[in-house]
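The values are calculated or read from the model by the stated rules, or taken from the named source; none is laboratory data. Just so we're clear, the structure is a prediction, and the values are computed from it rather than from any experiment. Neighbour counts are summed over all protein chains in view; Cβ atoms, including those assigned to glycine, are modelled from backbone coordinates with ideal geometry.
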Amino acid sequence: MTSGCAGKTALVTGAAGGIGTAVARLLHGEGARVFVADVDRSAGESLAQDLGDRAEFVALDVTREDSWRAALDVLQQPPVRWTTLVNCAGAALRRPIVDTSVEDFSRIVELNLTGTFLGVRMAGRHLVDGGSIINISSLNGVLPTANLGAYVASKAAVSALTRVAALELAARGVRVNTVCPGSIDTTITDTPDFADVDWGSYLRTIPLSRRGTPQEVARAVLYLAGDDSSYVTGTDLVVDGGVAAGRGAL
């Protein structure tokens, strides 16, 4: 174990799967105390047990204010020095705008944006001075993609909300940043919505010619959580294999 996050206490939402699990594992491995927060109690408790000392499961539905208050109660019994929030909970929807129902649009926005807002608000009130908030946005919040209207709108809003929070919390030394993953190999695309995607063709549009891994995103989160990024706030850290850099040769 190294000491990159020694003395830090991190709450990671959506920690029971994908990027959230990779983040929880890496921060814990770097010395942080980690609260594994998720709606999936079974998977969350299993991860916390696997991590062992300095890990604890917290039941959290990020879309509900009362659930956030209950999570805060766990952090305060006994009180901990809460230094780090990583908002990983999220979902995707692949569908043309004209075929997207109000209910589906609202569901994606509520989880991706409202859930992040509630976390940022809670951390803004209770995180220690000098703490760090890392929101998981998306490459699609920077570079929109057709048929992902609800997802793009929610993630672009997360990046904008992050910048506002960075301005408002700067006086306390609390830094607020986003990590914007490109195509990452997680279960978020293992749904019928993505069943017809030609991944071979898609990979040819990525300069590094492959999808990323959750661990690669976690390393970006680690940078923003640690002291090496002490002068970084209000920024989008894109982890996308080069897609946002532009087009390759014609």
One residue from Thr205, Thr191, Thr235, Thr213 being among the polar types (S, T, N, Q), modelled with pLDDT of 95 or more and either under 22 Å from Ala92 (Cβ atoms) or in contact with a His (Cβ under 7 Å, 6 or more places away or on another chain) (or both): Thr213
Pairs under 7 Å by beta carbon, first residue free of Cβ contacts under 8 Å to residues at least 12 places away in the same chain in the range 126-146, partner surrounded by 19 or more Cβ atoms within 10 Å (Cβ to Cβ), six or more apart or different chains? Thr145/Val152
Just the residues that are aliphatic (A, V, I, L, M) and under 14 Å from the mean Cα position of the chain (by Cα), please, taken from the range 27-71. Leu27, Val36, Ala37, Val62
Among the residues in the range 186-203, are any surrounded by 14 or more Cβ atoms within 10 Å (Cβ to Cβ) and assigned to a loop (DSSP other than H, G, I, E, B)? yes
Every residue in the range 33-76 that is over 19 Å from Lys8 (Cβ atoms) and either touching a residue at least 60 places away in the same chain (Cβ under 8 Å) or among the polar types (S, T, N, Q) (or both), please. Ser42, Ser46, Gln49, Thr63, Ser67
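Among the listed residues Thr162, Thr116, which satisfies the condition of being assigned to a helix (DSSP H, G or I), polar (S, T, N, Q) and free of Cβ contacts under 8 Å to residues at least 60 places away in the same chain?
Only one candidate passes the filter, namely Thr116.
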For the range 147-179, enumerate the residues that are surrounded by fewer than 18 Cβ atoms within 10 Å (Cβ to Cβ) and either at pLDDT below 95 or touching a strand residue (DSSP E or B) at 6+ places or on another chain (Cβ under 9 Å) (or both). Asn147, Arg163, Val164, Leu167, Glu168, Ala170
Val221 being farther than 22 Å from Arg25 by Cβ and either among the β-branched types (Val, Ile, Thr) or free of Cβ contacts under 8 Å to residues at least 24 places away in the same chain (or both): no
For residues that are of a type outside the set (A, V, I, L, M, F, W, C), part of a helix (DSSP H, G or I) and surrounded by 15 or more Cβ atoms within 10 Å (Cβ to Cβ), scanning just the range 96-111, find the one that is nearest to the chain's Cα centre (by Cα). Glu110
Condition first: over 25 Å from Leu224 (Cβ atoms) and either aromatic (Phe, Trp, Tyr) or buried (at least 17 other Cβ atoms within 10 Å of the Cβ) (or both). Can you find one or more residues in the range 70-91 that meet it? no
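Within the range 119-152, count every residue that is part of a helix (DSSP H, G or I), of a type in the set (A, V, I, L, M, F, W, C) and over 17 Å from Thr9 (Cα atoms).
The number of residues fulfilling the criteria is 3.
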